[in-house]
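Here's the structure, in structure tokens; my notes come after.
The values are calculated or read from the model by the stated rules, or taken from the named source; none is laboratory data. Model, not experiment: these values are computed from the prediction. Cβ atoms come from the backbone with ideal geometry, glycine included; neighbour counts cover every protein chain shown.
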């Protein structure tokens, strides 16, 4: 009889997600959720909606001056979100 060694449940879930092809969509959801942690609650207060579509994070803001200020820091936002997710998921951020 072959002896198998125990695996961590996280590894089993990651393998199942990869086999099902759901890793990319899960990372996109993680990136959208990471927005709150990256910008903080004071800026997130002006965010009405956010989603990821083909590597682009779309963020709907209610404050035009804040939208303009965040667009100047776009590269830092992208790198911070990708670092939190642990993968290069976001290529661009579009503010609406």
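Tabulated data for the structure shown
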item: Check on residue 78, without any contact (Cβ under 8 Å) to a residue 40 or more places away in the chain, surrounded by 16 or more Cβ atoms within 10 Å (Cβ to Cβ) and out of contact with any helix residue (DSSP H, G or I) (no Cβ under 9 Å at 6 or more places or on another chain); result: yes
item: Filtered residues of the range 33-49 (kept if farther than 15 Å from residue 74 by Cα and buried (at least 16 other Cβ atoms within 10 Å of the Cβ)); result: 46, 47
item: Tabulated pairs, the range 8-30, first closer than 22 Å to residue 53 by Cβ, second at pLDDT 90 or above and in a helix (DSSP H, G or I), C-beta under 6 angstrom, 6+ apart or interchain; result: 27/85; 30/85
item: Residue in the range 48-66 that is at negative phi, under 17 Å from the mean Cα position of the chain (by Cα) and in contact (Cβ under 8 Å) with a residue 60 or more places away in the chain present; result: no
